[in-house]
Amino acid sequence: MEIPKAYDPKLAEGEHYSRWEAQGFFAPEINRDPDAPVYSIVIPPPNVTGSLHMGHALQHTIMDVLTRYHRMRGYRTLWLPGMDHAGISTQIQVEKQLRKEGLSRHDLGREKFEERVWQWKEQYGGEILRQMRREGASVDWSRERFTMDEGLSRAVREFFVRMYEKGWIYRGEGLINWCPKDQTALSDLEVEKVEKKDGKLYYLQYPVKNSDRRVTVATTRPETMLGDTAVAVNPTDERYSDLVGATLILPIANREIPVVADDFVDPEFGTGAVKVTPAHDQNDYAMGLRHALPQVRVIDQHARMTAEAGAEFEGLDRYEARERIVQKFEELGLLERVADYEFSISQCGRCRTVIEPLLSVQWFLKQSDLGRKPLELMRERHEPRFVPEVPYEKVYTNWLEGLYDWTLSRQLWWGHRIPAWYDEAGRVFVARTEVDARRAAGTDNLTQDPDVLDTWFSSALWPISTLGWPDETRDLKTFYPTSVLVTARDIIFLWVARMMMTGLEFVGERAFDDVFITGTVFDKHGQRMSKSKGNGVDPLEVFDKYGVDATRLVLAGIGTTDTRWNDSQVESYRNFANKIWNATRFCLMNSEGARAGQGFEGESQTWALHDRWIMSRLQKAVRDVSKSIEAYEFHAAVQTVYHFFWDDFCDWYIELSKADVTATDATPQRDAARSRVLTVLEQALRLLHPFMPFITEELWQKLPGVGSQLLHPAYKDAEPTIMLASYPQTREELIDERAEADVQSIIELVSRVRNIRSEMNIKPGEPVRLLVAAPAASIRSVFESGSQQIARLVRASEILISESLDAPRASARAVLAGGAEVAVPLEGLIDFAKERERLKGEREKLEKEAAKLEAQLANRQFVERAPAEKVSELRQRISDIAQRTRMLAETMEVFAE
RNA sequence: AGGCACGUAGCUCAGGGGUAGAGCACUACCUUGACACGGUAGGGGUCCGCGGUUCAAAUCCGCGCGUGCCUACCA
């Protein structure tokens, strides 16, 4: 069979996915075992406007590894894909498109605009889903969901109505975050805090009524003073105790406002007196409620001053007003001073406009009620299990402990319309459908609330709504609760906690068993990747350059760690893919007469040493990889499989088998050896498949002997594919420590001789003779039976094995474990001085180690208190080293001048 | 301001009470019939600093320094 010398990822990547998909391999229905255990994951739905970035690629890789692994283990496996309608960002996208046509959404009207968005979604949306195919994501496309689907929308209305009926959703006036640009309310979680903005702190003086006294307040937002309805001081602050209850004259507005006492005020900060603007500041709002202060609105939705601010300011932008007011204070002689000040501001998470806290009527959800069950579940049973547990369990718990009301309504057109209707009298009717609302109202003359719900409202239902809730569907019963949620840490509050709330509330069970929080991928300078910085690494470009499988290996290894992206890691895994390719190429070039799955017949004790060895190594690799995947330790899993394949299989097993495998005569021995190499390879490919789906499928399909018999019994009727093959299971009885130790001594011998060759500058083509001595008969027999292989690996023309060494003076020597020695006669080739130096170096190394160990043993405390096992281990090591040193000394005598 | 992580080879990172690891980079040799995206042999580390616990600390604890993240009602 002719296959190219280098692996070209594009070929495999272009070929297999569509077949997997078409054959239905991704759907859980492929599993025919009625008793199969269930494994399910719902994808964190990417925004319909989004395209793939490294964070997605990381999450998807981990989900796919878990999904493929469990599928191969015979689980009824579902990974459900879908998208989020992404209210604000999608609306912005479409409005941008309209603007190019000279239109606004108001020109179209609501209905036409919504149609337009749907159109946009069909045309441009969901690019990321196409990109997921490129990643090899084995999601069940037949269950793809969109948060605006009819089913999911029904779930949203159901959620809303039930919460309303319980009194947990209410409509009321509150101080909310308002984005003056997007013209909508935002939840606290959609607001970004930006720290360390340079600004000013203005010290303003308010005169006390009927007095010469003035009270100085400090503020970063002088323009809000027009809305002040009090000044607050700390009740314990003696400087102001006589003023509490006094009346101040608010300058410019010339309004009378009281001085109130409130614990909130920090006497240490500023002047210890705070202006209170209940209508434009979160804290002042709360204080206003405590003291029953009036709320004066001086800033409107467009961040312009209102009529209430006074004719002089009406219509001014908030920042213009600020300047004007400061100027005015100066003129009045009431501006005490202005100080430079560093402070933080809140921005719209979407457009970065500075948020304006505004009083307005919105819909709210009392999260503290809905959050009670998740909090109890965490406190009592530590569920869900966070990976890593530290610090996320605490982050999650702390948030649940301090829940506040969630502003649900958004003044947008794209999203789930609030299921509330008003009659002419303004009475509100919340209902699942308009028909229900009419029935309740007893009239058809109703107007639906114009607002839509926060995008995260529908996201909160994702695990249950995608599976059919509120109906009790088969999918919901089968796949819920889901096995694990894989996501980034920044949406633990926004999303993870809320899914737990709805799952527990409506289905009575946690949304997922485990929550795996991935690390963050930074650029090579440690900066967060972002569009605006333009420092993002495009996963697709990395795929193009190094292949999807290599990229996945890097991503899986990242796991929960924050990592700076560097291509060299991907390059090394690209090389690994090529190594896999070429190892397979070797096996295929020598596959005539061989079949994967054969060659290891009979009692393992009758097998050759290197066969027992590789099987033992394979069992351990299988054991460790499975254990690591199940513990979400992907880095360890990747390392294990990488080193098993490269070091054990390629460097040693193939090399040790080469003579047998490449024999020209078609003997049964040769074919059995070929089958054994193929068998180990085939198992290794399966082991690798969850991480590297494309290359493993590509190569697996080429191996002679693969077929339906290798599929997991749950998939027995399916077309042969590695993705439905059984994941290798450890066969404990094949773990053979003796064989591992024996091959280890062969490896040591070979390495020592190669070292001599290299240090002595012996030409690679130049054959050498080997004189090997070992006092122990067991080691001698290992060397004897392996002498052909050893000779091949070190290019020896002859190997003489005896009990004690009798080598010519002109030999290079090395001491091995267990008292064995090796000498390489080098008549005429040896440089005595150089050999002396080399041996001296060896001896120094040993002496240094011996000194350290001796010192430890000399410590009586150690001997008395350390476990006996440790002490004897140390004694053993010391005696090994002593023996080596002794032998080395003898050897050096030979070279004495 | 609090909380939490992290600091290991030149770089990116594993590991973690008992012999310091990988990949890349580096040095030397090798185009040997799987693979130069390769092979063989090497060099390179007071595991941030200082104390403590322990027979034993890179690992556990405290403090300090540095870096990053999260939370917060600093007007």
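The values are calculated or read from the model by the stated rules, or taken from the named source; none is laboratory data. Just so you know, these numbers come straight off a predicted model, no measurement behind them. Cβ: placed from backbone, ideal geometry, glycine included. Neighbour counts: every protein chain shown.
Here is a list of conditions, (1) in contact with a Phe, Trp or Tyr (Cβ under 7 Å, 6 or more places away or on another chain); (2) in a helix (DSSP H, G or I); (3) closer than 24 Å to A:Ala741 by Cα; (4) not polar (S, T, N, Q), and A:Ile801 meets all of them except one; can you say which number that is?
Here A:Ile801 meets the rest and fails (2).
Can you confirm whether segment A:330-337 contains a residue that is among the hydrophobic types (A, V, I, L, M, F, W, C), touching a residue at least 40 places away in the same chain (Cβ under 8 Å) and within 16 Å of RNA strand B (Cβ to nearest atom)?
yes
For segment A:173-184, name all the residues that are part of a strand (DSSP E or B) and either within 11 Å of A:Ile88 (Cβ to Cβ) or in contact with a helix residue (DSSP H, G or I) (Cβ under 7 Å, 6 or more places away or on another chain) (or both). Before you say what the answer is, go through the steps one by one.
Pass one, segment A:173-184, residues part of a strand (DSSP E or B): A:173-179, A:184.
Passing the criteria: A:Leu175, A:Asn177, A:Cys179, A:Thr184.
Condition check ((1) in a loop (DSSP other than H, G, I, E, B); (2) in contact (Cβ under 8 Å) with a residue 40 or more places away in the chain; (3) crowded, with 20+ Cβ neighbours inside 10 Å; (4) under 30 Å from the mean Cα position of the chain (by Cα)) across all residues:
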site	(1), (2), (3), (4)
A:Gln619	no, yes, yes, yes
A:Asp647	no, no, no, yes
A:Ser675	no, yes, yes, no
A:Gln709	no, yes, no, no
A:Pro720	yes, no, no, no
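Only residues that are more than 19 Å from A:Thr67 (Cβ to Cβ) and either small (Gly, Ala, Ser) or touching a Lys or Arg at 6+ places or on another chain (Cβ under 8 Å) (or both): list them for segment A:456-498, please.
A:Trp456, A:Ser458, A:Ser459, A:Ala460, A:Ser465, A:Gly468, A:Pro470, A:Ala497
A:Leu400 fails exactly one of the following numbered conditions: (1) crowded, with 18+ Cβ neighbours inside 10 Å; (2) over 23 Å from the mean Cα position of the chain (by Cα); (3) among the hydrophobic types (A, V, I, L, M, F, W, C). What is the number of that condition?
Of everything listed in (1) crowded, with 18+ Cβ neighbours inside 10 Å; (2) over 23 Å from the mean Cα position of the chain (by Cα); (3) among the hydrophobic types (A, V, I, L, M, F, W, C), A:Leu400 misses just condition (2).
Looking at segment A:5-24, is at least one residue among the hydrophobic types (A, V, I, L, M, F, W, C), more than 16 Å from A:Gln701 (Cα to Cα) and within 16 Å of RNA strand B (Cβ to nearest atom)?
There is at least one residue in segment A:5-24 that is among the hydrophobic types (A, V, I, L, M, F, W, C), more than 16 Å from A:Gln701 (Cα to Cα) and within 16 Å of RNA strand B (Cβ to nearest atom).
In segment A:828-869, what count of residues is obtained for those that are in contact with a Ser or Thr (Cβ under 9 Å, 6 or more places away or on another chain) and in a loop (DSSP other than H, G, I, E, B)?
Residues that pass the stated criteria total 1.
I want to confirm something. Restricting to segment A:526-574 and keeping residues that are more than 8 Å from RNA strand B (Cβ to nearest atom) and among the acidic types (Asp, Glu), which single residue is surrounded by the fewest Cβ atoms within 10 Å (Cβ to Cβ)?
A:Glu541
Among the residues of segment A:511-532, is any out of contact with any strand residue (DSSP E or B) (no Cβ under 7 Å at 6 or more places or on another chain) and of a type in the set (A, V, I, L, M)?
no
Every residue in segment A:39-61 that is assigned to a helix (DSSP H, G or I) and either out of contact with any strand residue (DSSP E or B) (no Cβ under 6 Å at 6 or more places or on another chain) or surrounded by 24 or more Cβ atoms within 10 Å (Cβ to Cβ) (or both), please.
Once the filter is applied, which keeps residues that are assigned to a helix (DSSP H, G or I) and either out of contact with any strand residue (DSSP E or B) (no Cβ under 6 Å at 6 or more places or on another chain) or surrounded by 24 or more Cβ atoms within 10 Å (Cβ to Cβ) (or both), segment A:39-61 yields A:Gly55, A:His56, A:Ala57, A:Leu58, A:His60, A:Thr61.
Condition check ((1) out of contact with any Phe, Trp or Tyr (no Cβ under 8 Å at 6 or more places or on another chain); (2) without any contact (Cβ under 8 Å) to a residue 12 or more places away in the chain; (3) under 22 Å from A:Ala741 (Cβ atoms); (4) within 13 Å of RNA strand B (Cβ to nearest atom)) across all residues:
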| position | (1), (2), (3), (4) |
| --- | --- |
| A:Ser797 | yes, no, no, no |
| A:Ala817 | yes, no, yes, yes |
| A:Glu827 | yes, no, no, no |
| A:Asp831 | yes, no, no, no |
| A:Glu849 | yes, no, yes, yes |
| A:Leu857 | yes, no, no, yes |
| A:Lys870 | yes, yes, yes, yes |
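Give all pairs with beta carbons closer than 8 Å in which a residue from segment A:757-774 that is among the β-branched types (Val, Ile, Thr) meets a residue that is within 12 Å of RNA strand B (Cβ to nearest atom) and in a helix (DSSP H, G or I); count only pairs at least 6 apart in sequence or on separate chains.
Taking only residues 6 or more apart or on different chains, the pairs are A:Ile762/A:Ile756; A:Val768/A:Val753; A:Val768/A:Arg757; A:Val768/A:Val794; A:Val772/A:Leu749.
Out of A:Thr443, A:Thr455, I need the residue that is closer than 22 Å to A:Val117 by Cα, among the hydroxyl-bearing types (Ser, Thr, Tyr) and modelled with pLDDT under 95. Which one?
Unique residue meeting the criteria: A:Thr455.
Tally time: how many residues in segment A:278-302 are near RNA strand B (Cβ under 8 Å from one of its atoms) and out of contact with any Pro (no Cβ under 9 Å at 6 or more places or on another chain)?
Of the residues in that region, 1 qualify.
Step by step: first the residues of segment A:575-598, then only those that are within 8 Å of RNA strand B (Cβ to nearest atom) and more than 36 Å from the chain's Cα centre (by Cα), then the one that is farthest from A:Leu656 (Cα to Cα). Which residue is that?
Applying the filter and picking the extreme gives A:Met589.
Looking at (1) more than 15 Å from RNA strand B (Cβ to nearest atom); (2) at pLDDT below 90, can you tell me which one A:Met305 breaks?
(2)
Cβ contacts < 7 Å: first residue farther than 16 Å from A:Ala253 by Cβ, restricted to segment A:281-303; second residue small (Gly, Ala, Ser), any location; separation 6+ or different chain. Result?
A:Met287/A:Ala232; A:His291/A:Ala230
Grab the helices (runs of 4 or more DSSP H) fully contained in segment A:406-500, keeping just those with 3 or more residues being closer than 22 Å to A:Ile43 by Cα.
Values: elements: A:434-441, A:455-459, A:462-465, A:474-479.
Per the criteria, A:455-459, A:462-465, A:474-479.
Cβ-Cβ under 9 Å, sequence separation 6+ or interchain: first residue in segment A:409-429 and under 18 Å from A:Gly172 (Cβ atoms) and modelled with pLDDT of 95 or more, partner among the polar types (S, T, N, Q) and buried (at least 24 other Cβ atoms within 10 Å of the Cβ). Which pairs?
That search, which allows pairs on different chains as well, returns A:Ile418/A:Ser409.
For the subset of segment A:525-582 comprising residues that are polar (S, T, N, Q) and without any contact (Cβ under 8 Å) to a residue 40 or more places away in the chain, which member is farthest from A:Trp700 (Cα to Cα)? Walk me through it before giving the result.
Initially, segment A:525-582 is screened for residues polar (S, T, N, Q), giving A:527, A:530, A:532, A:535, A:551, A:560-561, A:563, A:566, A:568-569, A:572, A:575, A:578, A:582.
Pick out the ones that are also without any contact (Cβ under 8 Å) to a residue 40 or more places away in the chain and you get A:527, A:530, A:532, A:535, A:568-569, A:572, A:575.
Numbers: A:Gln527: 40, A:Ser530: 39, A:Ser532: 43, A:Asn535: 38, A:Ser568: 27, A:Gln569: 25, A:Ser572: 22, A:Asn575: 19 Å.
Ranking the candidates gives A:Ser532 first.
Inside segment A:219-253, can you point out the residues that are part of a loop (DSSP other than H, G, I, E, B) and under 16 Å from A:Arg297 (Cα atoms)?
The answer is A:Arg221, A:Asp228, A:Thr229, A:Ile252, A:Ala253.
Are any residues in segment A:223-266 within 9 Å of RNA strand B (Cβ to nearest atom) and touching a strand residue (DSSP E or B) at 6+ places or on another chain (Cβ under 8 Å), and if so, which ones?
Hits for segment A:223-266 are A:Thr224, A:Ala232, A:Val233, A:Asn234, A:Phe264, A:Val265.
For segment A:1-38, name all the residues that are in a helix (DSSP H, G or I), hydrophobic (A, V, I, L, M, F, W, C) and over 17 Å from A:Leu711 (Cβ atoms).
Residues satisfying the conditions are A:Leu11, A:Ala12, A:Ala22.
Can you pull out the residues in segment A:747-763 that are more than 9 Å from RNA strand B (Cβ to nearest atom) and surrounded by 17 or more Cβ atoms within 10 Å (Cβ to Cβ)?
Keep residues of segment A:747-763 that are more than 9 Å from RNA strand B (Cβ to nearest atom), which gives A:748-749, A:760.
Of everything in segment A:747-763, those that are more than 9 Å from RNA strand B (Cβ to nearest atom) and surrounded by 17 or more Cβ atoms within 10 Å (Cβ to Cβ) turn out to be A:Leu749, A:Met760.
Looking at A:Pro775 and the list (1) assigned to a helix (DSSP H, G or I); (2) surrounded by fewer than 19 Cβ atoms within 10 Å (Cβ to Cβ); (3) more than 9 Å from RNA strand B (Cβ to nearest atom), which single condition is not satisfied?
(1)
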